[in-house]
Amino acid sequence: MTESIRTAAVIGAGVMGSAIAAHLAGAGVKTHLLDIVPPNLTDKEQGQPKARNKFADGGLEKALKAKPAAFFDPDAARLVQTGNIEDHLDRLKECDLVIEAIIEDLGVKQKLFEKIAPVLKPDAILASNTSGLSIAKMSAVLPAQLRPQFLVLHFFNPVRYMRLLEVAPGPETRPELVERMARFGEWLGKGIVYAKDTANFVANRIGVYSLMFAMRAMLEDGLTVEQVDKIVGRPMGRPKSAAFDTADLVGLDTLAHVAKNCQTALVNDEERDVFALPEVVQKLIARGSLGRKSGGGFYKKVDKDIHVVDLQTLEYRPQAKVRFDSLGAVKNEEDAGKRLKLLVNADDVAGRFAWKVLSRTLAYSARRLGEIADDVVNVDRAMRWGFNWDLGPFEAWDAIGVAESVARMEKEGVALPEWVKALAKSGGSFYSGGAKEARFYDYQTGEKRPVPFGPKEIRVAALKESGKVVKENFGASLVDLGDGVLNVEVHTKMNTLDPDVIGMLSEAVDLAEKDFEALVIANDGEHFGAGANLMLIMMAAQQKAWDQVEKIIRGLQASLQKVRYARVPVVAAPFNYTLGGAAEVAMAADACQAHAETYMGLVEVGVGLIPAGGGCLRMVERFTDDAAKVKGVDLLPFIGEASLNVAMAKVATSAEEAKKLRYLRQSDGVTLNRSELLYAAKWRAVGMARAGYRPPRAAVHTAVGYDAAKTIGARIWGLVESNFASPHDALIANKLANILCGGVVPAGTEVSDQHYLDLECEAFLSLCGEQKTLDRIGHMLMNNKPLRN
């Protein structure tokens, strides 16, 4: 179905338009990025294509320079062809999909649609990226035959990273088209929420309401900006940017536009006045304090510090320390639901404020069902995927207890729909059934319906509840995925590697070779893995328990070598953080099926160590093994590049970049949709198994040799002398160079995997005995930041 979208056009090369074009190109779709011809061109410039394409060219250039990056791989920009709607309108004739992303002005959009409609091919799809204008009014100017092909595809900014795509039909949109575009959106990696033709659709309607209510509550209760952000951020299961830092990130002018759109359009909304912009915000906008893009909004960077606006004087001042007993009490609670329940039931300023904001947001969300979305699932997903909330409103309601919270709301006079009161009275909840048989409450029928999941979504949690666990310990589980595939699921904190995980990897290979056709390494967590359990390493090193440290390292090496040479294919499915030891796990597999957003690297030098689970060996293998087959090739430049990756702890910012850094192979697969990653990994493994898989032969590597290590050492000495590196950096880098070059052997010596693994283990143990390394480990554990010493 998605293959039919081969060529697309995006009209409007602003922040959103250029980012949408970049994302389409990253998915392999040829994309035209068009904008208007700049006004006020000179007579000479009128005849210059470069001048006439200035806006589109500028949009593409900004997308290439964007931070965070808009492209998975800058090379994909070759698929984006810029132009303007005067000279290049005929390009739309080849487009399967045209997305409008121009200024949020109904009249301007209508004029554009009138201009492009005659050019579109009969089966072309026309979409608007409007953030909330009336779909019916936009489509009114379209020819009758085009209206069934028109809908809204509302991407969120930044397009590459925000999962949410709201799909909203117009009054005449074909239902089949809605589903087709939903599948296309999923193929692009998006989570689909079905919206309706209402102002600001789902996520912005609820999210902006919650933010605006928090502003008003702050002014009523006399709290400060920094106090509110400490309350409504992580303690409430929302991003660290909370309310006001989020407003600064989005832009106060943008926030004002969305709020005004709600206030103007929502004439029947009982809480319409909540969207009215407080006077303090109006004053900030009037003076140009628009947020990060203007250098200051609610917050402003002053030298190295972040100051906050004083709501009385509108001057910036240093932030005051925020201390509330309830915030301290929930600080160490990892479970978002339990943390929220503790907070809103606390009897202090923070607890009462959190309850006020949450209760009104929950009630408002319930009253909007039927108007903005048909069920609680779409609302919850919109808030999780579009605003990065840990829990959507109805998931949060379950977490704090429906019956208890509804009774409290009714006592306080909060308006609730009758169906919510009935649900509370019955002792029910919005969700039930766990992962295996997840169901949600249908407010229209009063029945429980299955939570919809995609056909390519395999959830490990659901399989575990279905009795598919083959073996498990505290660190990992072996789960039968069906079709002859066994899965290793790591479930330690941040999916770090410890002896339980290491042992289970070894057992997984044994079991897969005996009873299965293939092995997959994947999990349902937030990250593939954040590396080794540093606390375990540090405690053993501090006690000088060198045998214990060596046992851990040798165990990891042995397990990953079993993975590397298993008699069944092994496929790893890395995503998000794939760091240190987790990267070594992925690199040991026969193949990876990586999520597009995979942040992968061998980062051990950041804590004063070196990769010792085969990471250095894999770098040698990937940078020199093929080159060594060519007679007379100097391997030093290849090892030099590998050493830079590891010594500088380079982390790939996408799966495509990981290929360039050779953490992934060029042959490894990339999946855009995180929900479909395990499905893709499983069937990749099945395909390898059924295509006649044969394990790799024991490798022999050509060492670059001792002299090459000395050459690299000279460069390291130069960095120390010029103060670009510390003596401890140099110690680590020289040990790393010694490993990568093969130790004290002549150039051209053929050595085994074990030779490099022994060098890794020796260097790791040596560095564990260095106090400065222990200081680096301790600093990382305490502050989650590297220490340069």
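The values are calculated or read from the model by the stated rules, or taken from the named source; none is laboratory data. Just so we're clear, the structure is a prediction, and the values are computed from it rather than from any experiment. Neighbour counts run over all protein chains shown; Cβ positions are idealised from the backbone, glycine included. Keep in mind that these areas ignore ligands, DNA and RNA; they rest on the heavy atoms of the full protein, side chains included. Shrake-Rupley method; radii C 1.70, N 1.55, O 1.52, S 1.80 Å.
Points worth noting:
- For the chain, the longest principal axis of the C-alpha atoms and the axis of helix 54-65 are separated by about 40°.
- Hz values of 3J(HN,Hα) by residue in segment 744-757 - Karplus curve (6.51, -1.76, 1.60), Gly and Pro given as x: 8, 9, x, 4, x, 5, 8, 10, 8, 4, 4, 4, 6, 5
- Positive dipole terminus of the chain, leading residue within G525, P499, V633 (C-beta point charges): V633
- The chain - percent relative contact order, Cα under 8 Å, separation 6 or more: 8 percent
- Residues whose amide H lies under 5 Å from that of A70, counting only those 5 or more places away or on a different chain, are absent; hydrogens are built 1.01 Å from N in the peptide plane.
- Ranking by accessible area, most exposed first, for L133, L736 with a 1.4 Å probe: L133, L736
- Euclidean distance of C-alpha centroids, segment 753-789 and segment 522-571, integer Å: 14 Å
- Taken over segment 117-214, the alpha-carbon convex hull comes to 102 cubic angstrom per residue.
- Nonlocal amide H pairs with R238, under 5 Å, H built at 1.01 Å: D390
- Potential lengthening between W419 and N345 on full extension [0.36 nm per residue; Cα-Cα distance subtracted]: 24.2 nm
- Anisotropy class of segment 286-336 from Cα gyration tensor, a/c 1.5 cut: prolate
- Theoretical FRET efficiency, 1/(1+(r/R0)^6), r = Cβ-Cβ of L536 and A144, R0 56 Å, to 0.05: 0.25
- Between 0 and 90°, nearest 10: helix 771-783 axis offset from the chain longest Cα axis: 20 degrees
- Each residue of segment 70-80 was assigned a 3J(HN,Hα) from its phi angle through the Karplus expression (A = 6.51, B = -1.76, C = 1.60, θ = phi - 60°), giving 7, 9, 5, 9, x, 4, 5, 4, 5, 7, 9 Hz with x at Gly and Pro.
- Relative contact order, whole percent, for segment 1-126 stands at 32, derived from Cα pairs under 8 Å and 6 or more residues apart.
- Helix 615-628 and the longest principal axis of the Cα set of the chain meet at an angle near 80°.
- Centroid-to-centroid separation of segment 30-71 and segment 271-287 [C-alpha atoms, Å]: 34 Å
- Inter-site label distance for S726 and D305 at 7 Å from Cα along Cβ, in nm: 2.6 nm
- Shape metrics for the chain, restricted to C-alpha atoms - Rg then Dmax, Å: 28.3, 84
- Take the Cα of A691, step 7 Å toward its Cβ, do the same at A136, and the gap between the two points is 5.3 nm.
- Sulfur and carbon atoms: percent of accessible area, the chain [1.4 Å]: 52 percent
- The C-alpha atoms of segment 38-163 occupy a region whose extents along the principal axes are 42, 38, 27 Å, arranged from largest to smallest.
- Relative contact order computed over segment 74-159 (Cα-Cα under 8 Å; 6+ residues apart), in percent: 30 percent
- When segment 170-297 is reduced to its Cα atoms, the Kirkwood hydrodynamic radius in Å: 16.4 Å
- Partner lysines for K551 [C-alpha distance under 17 Å; skip if fewer than 8 residues away on the same chain]: K562
- Here segment 670-737 is treated with +1 on each Lys and Arg Cβ and -1 on each Asp and Glu Cβ, and its dipole about the Cα centre works out to around 560 debye.
- Pairs of alpha carbons in segment 72-111 whose separation is greater than 15 Å (percent): 60 percent
- Computed label-point distance, nm, for sites Q444 and E371 using a 7 Å Cα→Cβ extension: 1.8 nm
- Using the Cβ-Cβ distance between K411 and K551 with R0 set to 60 Å, the FRET efficiency from 1/(1 + (r/R0)^6) comes to roughly 0.50.
- Scanning residues 5 or more positions from A9 or on other chains, those with amide H under 5 Å from its amide H are H32, L97, V98, I99, with H placed 1.01 Å from N in the peptide plane.
- Equivalent ellipsoid dimensions for segment 675-789 as semi-axes, Å, which come from the Cα gyration tensor, largest first: 35, 25, 13
- Theoretical gain in end-to-end length, N784 to D75 [0.36 nm per residue, Cα-Cα removed]: 252.0 nm
- Per-bin percent of Cα-Cα distances, segment 609-744 [10 Å]: 11, 34, 31, 17, 7, 1
- Computed E for V469/Q754 - FRET, C-beta separation, R0 35 angstrom, nearest 0.05: 0.55
- Residues within the reach of a label modelled at K493 (point 7 angstrom out along Cα to beta-carbon, backbone nitrogen below 15 Å), restricted to segment 518-546, are 530-539.
- Euclidean distance between Cα centres, segment 700-748 to segment 198-257, Å: 51 Å
- Beyond 26 Å in Cα-Cα separation lie the following of the pairs K30/K65; K448/K493; K331/K356; K54/K300; K735/K785; K230/K293: K448/K493; K54/K300.
- Global form of segment 702-767, assessed from the alpha-carbon gyration tensor, a/c cut-off 1.5: oblate
- Only beta bridges with both residues in the chain are counted; by DSSP, about 40 percent of them are antiparallel.
- For segment 316-474: rounded, prolate or oblate by the Cα gyration tensor [a/c cutoff 1.5]: oblate
- Convex hull volume of segment 355-419 per residue (C-alpha atoms, cubic angstrom): 82 Å³
- Added length on full extension, which subtracts the Cα-Cα distance from 0.36 nm per residue, E270 to K436: 55.9 nm
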